[in-house]
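No value in this document is a laboratory result; all are computed from the given coordinates. It should be emphasised that the depicted structure is a prediction, and the values quoted were computed from it without experimental measurement. We place every Cβ from the backbone using ideal geometry, glycine too, and count neighbours over all the protein chains shown.
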Amino acid sequence: MHHCDHQDDHYTRRDFLTKTSLGLGALSMASFLDPIGLFGQSSEPLVTPGSLGKPHFTPKVKRVIYLFQSGAPSQLDLFDYKPLLNKMNGEELPESVRQGQRLTGMTAGQASFPLAGTQFNFQQHGNSGAWVSDLMPYTSKLVDDLCFIKSMYTEAINHDPAITFIQTGSQFPGRPSIGSWLSYGLGSDNQNLPSFVVLLTKDKYGQPLYSRLWGNGFLPSQHQGVQFRAGKNPVLYLNNPPGVTDASRREQLDHLSQLEALNYQDIGDPEILARMAQYEMAFRMQTSVPEIMDTSTEPDYIYDMYGPDSRKPGTYAANCLLARRLAERDVKFIQLYHQGWDQHGNLPKAIRTQCKETDQPTAALIKDLKQRGMLEDTLVIWGGEFGRTNYSQGKLTEIDYGRDHHPKCFTIFMAGAGVKKGFTWGGTDEFGYNVAANPVHVHDFQATLLHLLGVDHERLTFKFQGRRFRLTDVHGELVKSILT
């Protein structure tokens with residue numbers, strides 16, 4: 001029997017459960033209520049095992065912080081230096097380069113496709129000689145810790161399917177997100193916090209971010225990402241209602257668990273166990289979440305390193321600081337979303353704002369993890385859902401241009417455990433339009449991410465509607481050249 005088909009067992013063991021009092025349902029409930037009391041005292045940190053029991057092989061990465069830049073940053077203005085574009089600025093994109101490739105509805109009707117060179121200066125940095133524009137002064141100082149992939153490509157040309165694709169492995173809604181797959185397969189290393197936490201930059205606008213991007217899809221519901229918000233109620237509906245004490249809440253949950261164990265014994269629905277797991281986690285989070293969100297004990301030099309916005313809850317900088325605090329407590333997958341990178345016009349001004357908000361905190365997070373020795377088992381990922389075109393959307397002027405969506409090539413970077421430092425993999429042609437060397441598909445990236453966490457992407461599956469699904473669908477190859 002396949003290791004992840006165990007959900008079917010809940011139904012085939014019904015007779016066994018009815019003959020053993022509360023049976024496995026009671027055992028599961030008891031483990032939620034008092035895992036130490038059930039399994040004995042232990043000096044080891046409390047963990048909740050995943051469906052795999054243990055990784056397929058020794059992982060190099062213990063936790064992931066994914067800094068998702070929603071809207072698609074322009075690789076041509078940040079990392080993918082193409083001097084030919086500046087030389088040919090305003091000239092027509094050669095048909096031999098485009099080769100009739102698909103365009104969005106926003107530029108398909110343009111009579112002209114003028115090449116748009118960047119307005120920003122590029123320089124090589126570090127011993128690795130990586131090219132970075134002057135929009136990223138803080139990140140440029142860390143290039144010898146970074147692993148760039150400049151040959152990413154995707155199948156989606158519009159935002160919603162593209163972001164859904166890179167977060168779930170499918171362009172269609174309804175599949176589990178990366179963090180949910182990891183929670184399901186590997187479990188949690190902290191009994192008092194979710195294994196998958198989501199942080200959104202507040203008061204940012206752009207392409208909408210739907211909760212299904214961190215949803216569990218068809219996996220049990222306790223594996224969905226939990227969004228932490230700035231303000232008095234970081235997790236919605238977490239606190240007890242007025243007049244309800246912790247003691248009465250605990251008593252309520254104890255009685256509810258007994259009733260649900262009987263319900264599970266009778267029905268065998270695994271979502272009963274999932275629901276109780278969520279109730280118990282919520283109870284424990286009433287203490288753990290306020291502690292994690294209170295950054296008042298952080299020294300001034302940490303705030304200074306992350307930048308002035310780090311003192312403002314809900315900003316990207318503050319979320320980067322929270323990400324480090326969550327990582328310290330062994331939250332396995334921490335997802336940050338920052339909107340506003342969709343620059344079809346007014347790119348020179350708009351991208352400056354985006355970089356000012358994100359460059360210093362991103363670099364600070366990597367430096368902070370490194371100085372604490374945590375970069376040795378933490379992986380940081382930075383990138384969006386696709387790239388931007390080398391030609392201008394709309395009118396190209398001396399001071400202004402825009403760039404349309406471009407799925408054929410884009411850049412991401414990683415830092416930390418398991419990936420080479422000061423390394424660049426792949427490349428694009430001299431026009432920055434097509435991948436010229438070592439293409440990396442979204443599913444290749446996802447397969448490599450799972451591999452770093454000790455998971456064979458072909459073996460972490462879940463049977464749903466008669467088919468065994470996985471994050472990488474039926475594709476995905478390891479990008480071995482970036483691995484240490």
Which of the peptides 193-202, 227-236 is most tightly packed, and how do the rest follow, judged by the mean count of other Cβ atoms within 10 Å per residue? 193-202, 227-236
Stokes-Einstein D for the range 316-363 at 25 °C, 0.890 mPa s, Kirkwood Rh over Cα pairs, in µm²/s? 203
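So if the hydrodynamic radius of the range 354-484 is defined as the Kirkwood radius over C-alpha pairs, what does Stokes-Einstein give as its diffusion coefficient at 25 °C and 0.890 mPa s, in µm² per second? Before the final figure, lay out each step's value.
Values: Rh = 17.3 Å.
The diffusion coefficient I find is 142 µm²/s.
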What does the range 159-315 give for Rg and for Dmax, in Å, if only its C-alpha atoms count? 18.2, 57
Span-like helices, the chain: DSSP H, alpha-carbon axial extent 20 Å or more, mean Kyte-Doolittle -1.0 or greater, which ones? 270-293, 347-371
P(r), alpha carbons of the range 324-393 - 10 Å bins starting at zero, rounded %: 15, 42, 26, 14, 2
Ordering of 174-184, 136-146 by burial proxy (mean other Cβ atoms within 10 Å per residue, highest first): 174-184, 136-146
Give me Ile334, Ile292 sorted ascending by neighbouring Cβ count inside 10 Å, so fewest comes first. Ile292, Ile334
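List Met276, Met106 from most exposed to least, where exposure is judged by having the fewest other Cβ atoms within 10 Å. Write out the running numbers ahead of the final one.
Working: Met276 24, Met106 14.
With the sparsest Cβ surroundings first, the list reads Met106, Met276.
Taking only Cα atoms of the chain, what ratio of Rg to Rh do you get with Rh as the Kirkwood inverse-distance radius? Don't skip to the end; give the middle numbers.
On the way: Rg = 23.8 Å, Rh = 23.8 Å.
Result for the chain is an Rg/Rh of 1.00.
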If each K or R counts +1 and each D or E counts -1, the residues other than Ala447 whose Cβ falls under 12 Å of its Cβ total -2
Give me the base-10 log of I(q)/I(0) for the range 255-382 at each q in 0.22 Å⁻¹, Debye formula, one uniform scatterer per Cα, rounded to two decimals. -1.26
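What percent do you get for the relative contact order of the chain when only Cα pairs under 8 Å and 6+ apart count?
28
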In whole Å, what is the distance between the alpha-carbon centres of the range 266-282 and the range 97-128? 50
Quick one: what does P(r) look like for the range 99-193 with 10 Å bins over all Cα pairs, in whole %? 12, 22, 28, 30, 7, 1
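Find, among the trypsin sites (Lys or Arg not before Pro) in the range 362-408, those assigned to loop by DSSP (not H, G, I, E, B) with at most 13 other beta-carbon atoms within 10 angstrom.
Working: sites: Lys367, Lys370, Arg372, Arg388, Lys395, Arg403, Lys408; in loops: Arg372, Lys395, Arg403, Lys408.
The qualifying sites are Arg372, Lys395.
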